[in-house]
Structure formats: C-alpha cells, structure tokens
Amino acid sequence: MSWTSILLPVLAFLLMLPMDTIAQNAISVGSRRASTTITTTATYQRYEDDGTYFEQVSLPVTVAVPVGREFGFVLRAAPALARGRELDQISGVGDVQLGSTYSRVVGPLSLVASVRANLPSGKSTLNPEEFQTSSTLSKHYYDFEVPIFGQGVNVGPGLVVAIPISPSLVVGLGAAYQYKSPFQPRTIFEGDYDPGDELVLTGGLDARISESSRVSADLTLTQYQDDTVDGSVVISSGDRIGITALLQSFIGRDEFAVVASHRRKASSSVPAGALRTTPGEVSSIPNKTELQLSYGIHISDATAFGLLVAGRFFGETDSFESRTILNVGVAPRHRLSNKLMLATGFGYAFGSVTGLEARFGLRLTP
C-alpha cells in the first residue's frame, strides 16, 4: 500500500468531520475497496453526569458500493432511541447520509473529489421536551452514535490532493464546503433557523520513518458563516482550528498507534436581539485535547483483538465547567467466513463523566 493511499483517506476524513462516517467510508471505497460492503452495528451507550443519566440504543447501517476503480458511493442510515432521567424519550431514524467519491492519479498527483449530502429524513421539528433531550445528546463529550436526529439539507463538495515529495514523504492539501439549508428546530420556534455554511481547509503530511513505522500530522481550519433567523443574524460563530498527530508502528503482525489531537474554537459574537439584550461574546463549544493509545493483536488469520486507552480534556465554556474523561476499551474481531466479519467493542468511561458502551457489528461482503 502506498503512502499516498494512506494520507488521502486521513485528509478526507478531517475535511468531512461533520459527517465523519460517510467521508471515511466513501474515500476508502474510492481508493481501496474492491467490492460492496454492508456494515451494521448495534450500539448501546449510557452516561452518568452530575446525578443524572442518558442512554441511547442505535443501529447504524452503512452500504458502500465501489464502481470500478475510481468511483465509490456510500449510504448511511441510523435508527435510534434515546432517553434519560427527567428527559423525554426521542426515537426515530436519523437523517440519511449519502457520499460519493472520484479518485484519480494525474501525473505524480493523487486526487480525490467527493460530494456528500445529509437528507432530512429524521425528525427535525421537536417539541420543547424533545428539544431538551436532543440538546443533551448533542453535547460533544458524550459522543453518542446519533447525536442529532434531524436537521435541514446539507450538501458538501470536497477535493483532496496528495503530492509525493520523496519515496517516504507525502504532503496533502484539501478543501471542502458545506451548504446548510434552513429548518425549524422547535414546534414553538417562529421563523426558519438557517445555520451558517462551513468552509474547511486542511493540510497534512505523512512520513515513513522506518520499514514498519510512520508519522503523520494534519492541520484543519474551519470557518463558519453567520447563523440567521428569517435573515437576521443571531450568532457569528468563531473559527475552529484543529491539529492531529499520529505515530503508527507494526510489530510483526500487531499494530501500535498513538494519536494526539487538539481542537480550539474562537468565541462567537451575538448581537442584541432574540438571544440576549446586549451584544457580546459567547463561548459555547469547549476546546478539546485528546490522547489515544491503541494496540491491535492478531491472534490468527481470522481473529484480532484491539485495546484502547484514551484521555479527553474539555475546556471551560460559558455553560459548563471543564471536564476530564478517561476511556478504556477492548475490540474483539473475528472473520466468520470470507464474506462475513464479526466486530464487537466494549468500553468504559470515568472521570467527570462515567459511562459505558457496547457494540455488536457485522460486516458483509456479498
């Protein structure tokens, strides 16, 4: 496998963070997969925070279809049910997500063009009680599989270019744009809420440091247009910058990886109006620093076992205090046949928030 083919999915994944599953699978389809795959993962997640609890059961289904060596298509849908103490239950199918990619080698360059779309099939207009539940689910530190059940139409084109500098060094550049259509988030909400469109710029490099090890680093800048209600600005969101570094090493058939990342978002400006009586700066999305260590053990040709230890550190905002969350997990995987793989996962979180999650997944290659 070339280092170019490694860097392209990483950059494309970073560009498409709002729809990470779609992007990661779509790019993989376009660049490496040779056959259709169907993946479904039954997931249970429960978190306890400040004397209350929240839980969700979800069943995301992803279908990835390559067309030749250059095109790939992905569809994802995720039915889910969520509830919590003093929170109304909310259930349904989240918005359907579509993705497509076109990959091509042009001289020394490797290109991946992509288009992704979020189609509003889920419930986007909520009563006040459902809205409160949805707001809780969407908080970043919980990391629920389906954090949002429904929103407006989102469409985003993107382009990634990988440039080989030497046999052991590849540099990549990417850009993506996300259009977001207006929608009505609450039944008692007057007017259409129009979230600002997004522009994402990414640069990265991937270097082989030995026959069995590589390092990579990526820098991502996200800029947001103003959020409006019926044409009136309600918030001017600050830019977000993120950096990710990876060390990956193979020890025989086993794999060891360390991933460190930091994400920082500038404060947002809120004019006087519906949200507050005087203009000012607000900080609602926490800065985040994360460190992950993983080790994958190949027990046999059919069986592998993954270990994960991670720490996530969230900065203070106007609405909550800083938080530190530690995670430990295991991920057994077994190939049942040439066409069917069983993938499971079990994790526990402790620190500012405690919780657990269990996953049972099947990946079918017809």
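FYI, it's all coordinate maths here, none of it is from the lab. Because the structure is a prediction, the values reported are computed rather than measured. Here the Cβ positions follow ideal geometry from the backbone for every residue, glycine too, while neighbour counts run over all protein chains shown.
Numbers at a glance
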item	result
Residue range of the chain that is longest and free of GluC sites (Glu not before Pro) which are both DSSP loop and sparsely packed (at most 11 other C-beta within 10 Å)	212-320
Per-residue ³J(HN,Hα) for the range 305-312, Karplus 6.51 cos²θ - 1.76 cosθ + 1.60, θ = phi - 60°, Hz, x for Gly and Pro	9, x, 10, 9, 10, 8, x, 10
Value at 222 nm in deg cm²/dmol, rounded to 500, when DSSP H runs of n ≥ 4 in the chain each add -39,500 (n - 2.57)	-3000 deg cm²/dmol
Table column - 3J(HN,Hα) (Hz), the range 256-267, Karplus curve with 6.51, -1.76, 1.60, x for Gly and Pro	10, 9, 10, 10, 10, 8, 9, 10, 10, 10, 5, 5
GNM result for the chain, Cα springs below 10 Å: residue of 80, 42, 302 fluctuating most strongly	302
Using alpha-carbon coordinates, inclination of helix 20-31 to the longest axis of the chain, degrees	30 degrees
353, 106, 234, 67 arranged by Cβ crowding within 10 Å, fewest neighbours leading	106, 67, 234, 353
GNM top mover of 51, 315, 99 - the chain, alpha-carbon springs below 10 Å	51
Residue 320-residue 256 pseudo-label distance in nm [points 7 Å out on the Cα-to-Cβ vector]	3.5 nm
Estimated dipole of the chain in Debye, rounded to 20 [Cβ of Lys and Arg +1, of Asp and Glu -1, Cα centre]	1420 debye
Crossing angle, helix 3-15 versus the chain [Cα axis fit, 0-90 degrees, rounded to tens]	10 degrees
Residue among 52, 41, 62 with the largest mean-square fluctuation in a Gaussian network model of the chain, springs linking Cα atoms under 10 Å	52
Rounded to whole Hz, the Karplus (6.51, -1.76, 1.60) HN-Hα couplings of the range 166-182, x for glycine and proline	7, x, 10, 9, 10, 10, x, 10, x, 8, 8, 10, 10, 8, 10, 8, x
Ranked list, fewest to most other Cβ atoms within 10 Å of each Cβ, for 149, 183	183, 149
